[in-house]
Amino acid sequence: VAWDAQGNIFVSDGYGDSRVVKYDKSGRFIKAAGTRGNGPLQFSTPHAIAVDAKGTVYVADRGNSRIVVLDNDLNQKAVYDNVGAPWALCISSGPHQYLYTSNSFSTGNNFDQAPITGEVYKMELDGTVLGRFGKAGHALKEFSSIHQMDCRNPDELYVAEITAWRVQKILLHPAAMRTSAGR
């Protein structure tokens with residue numbers, strides 16, 4: 001579930017259906033978009049959703065290994081297909097927002113069988129990948145199927161892992177460290 005600045009509610013319906021639904025702030029149905037598949041405005045387990053300050057909607061289309069970007073009226077604007085299988089995503093607050101997403105391998109499977117998994121990507125809202133970190137595993141700084149994340153502060157992430165049953169706090173070059181180092 002995600003909200004825009006006007007209080008509209010956006011829901012990614014990924015287990016019962018393959019769509020995104022918009023409600024107004026009173027809970028009145030506005031619109032649904034999406035069907036099952038891998039084409040335009042089609043989803044395969046839309047697993048997470050976030051809205052930026054301008055009202056743009058980002059959907060973690062997990063089964064299709066992509067992020068689908070929608071305008072506030074649920075029309076497709078873009079597809080970011082260079083970040084693996086996004087199970088979770090979030091958008092930081094502040095004047096310059098960042099999109100974070102996780103690339104996770106299916107639960108119940110051996111994640112070490114996937115060629116690339118376990119990363120967290122930091123992106124510009126236009127889809128430009130600024131960097132990535134992490135790898136699959138159960139040790140500290142390794143990730144095991146990130147199922148949800150919080151990135152209100154762009155330098156501080158909380159990631160919840162469904163197969164490791166834990167939450168990790170990740171600090172990414174905090175501003176205080178940059179300032180004290182003279183960078």
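The values are calculated or read from the model by the stated rules, or taken from the named source; none is laboratory data. The structure displayed is predicted, hence computed values, not measured ones. Every residue, glycine among them, receives a Cβ derived from its backbone with ideal geometry; neighbour counts consider all protein chains shown. With ligands, DNA and RNA removed, areas are computed over all heavy atoms of the protein, side chains included. Shrake-Rupley method; radii C 1.70, N 1.55, O 1.52, S 1.80 Å.
Tabulated values for the structure
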{"item": "Residue satisfying all of: in the stretch 118-128; within 16 Å of residue 88 (Cβ to Cβ) and at pLDDT 85 or above; most open to solvent (accessible area, probe 1.4 Å) among these", "result": "122"}
{"item": "Qualifying residue in the stretch 48-71 (condition: touching a Leu at 6+ places or on another chain (Cβ under 9 Å) and farther than 16 Å from residue 123 by Cβ)", "result": "yes"}
{"item": "Candidate set: the stretch 57-81, residues that are over 13 Å from the mean Cα position of the chain (by Cα) and polar (S, T, N, Q); chosen: the one nearest to residue 16 (Cα to Cα)", "result": "64"}
{"item": "Qualifying residue in the stretch 28-37 (condition: farther than 21 Å from residue 65 by Cβ, within 17 Å of the chain's Cα centre (by Cα) and open to solvent by 20 Å² or more (accessible area, probe 1.4 Å))", "result": "no"}
{"item": "Candidate set: the stretch 1-27, residues that are within 16 Å of residue 45 (Cα to Cα) and of a type in the set (Phe, Trp, Tyr); chosen: the one farthest from the chain's Cα centre (by Cα)", "result": "15"}
{"item": "Subset of the stretch 24-54 [among the aromatic types (Phe, Trp, Tyr) and out of contact with any Lys or Arg (no Cβ under 9 Å at 6 or more places or on another chain)]", "result": "none"}
{"item": "Criterion: surrounded by fewer than 19 Cβ atoms within 10 Å (Cβ to Cβ), among the aliphatic types (A, V, I, L, M) and not in a loop (DSSP other than H, G, I, E, B) - qualifying residue of 5, 78, 88, 53", "result": "78"}
{"item": "Checking residue 171 against (1) modelled with pLDDT of 90 or more; (2) over 17 Å from residue 90 (Cβ atoms), the condition it does not meet", "result": "(2)"}
{"item": "Residue satisfying condition, being closer than 28 Å to residue 145 by Cβ, touching a residue at least 40 places away in the same chain (Cβ under 8 Å) and open to solvent by less than 30 Å² (accessible area, probe 1.4 Å), within set 21, 59", "result": "59"}
{"item": "Yes/no for residue 93 being open to solvent by 50 Å² or more (accessible area, probe 1.4 Å), touching a residue at least 60 places away in the same chain (Cβ under 8 Å) and not aliphatic (A, V, I, L, M)", "result": "yes"}
{"item": "Condition broken by residue 180, with the remaining ones in (1) among the hydroxyl-bearing types (Ser, Thr, Tyr); (2) modelled with pLDDT of 90 or more; (3) open to solvent by 30 Å² or more (accessible area, probe 1.4 Å) satisfied", "result": "(2)"}
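Residues are listed down the side, and each one gets a yes or a no for (1) more than 28 Å from residue 154 (Cα to Cα); (2) at pLDDT 95 or above:
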{"position": "3", "(1), (2)": "no, yes"}
{"position": "7", "(1), (2)": "no, yes"}
{"position": "13", "(1), (2)": "no, no"}
{"position": "21", "(1), (2)": "no, yes"}
{"position": "27", "(1), (2)": "yes, yes"}
{"position": "32", "(1), (2)": "yes, yes"}
{"position": "49", "(1), (2)": "no, yes"}
{"position": "52", "(1), (2)": "no, yes"}
{"position": "58", "(1), (2)": "no, yes"}
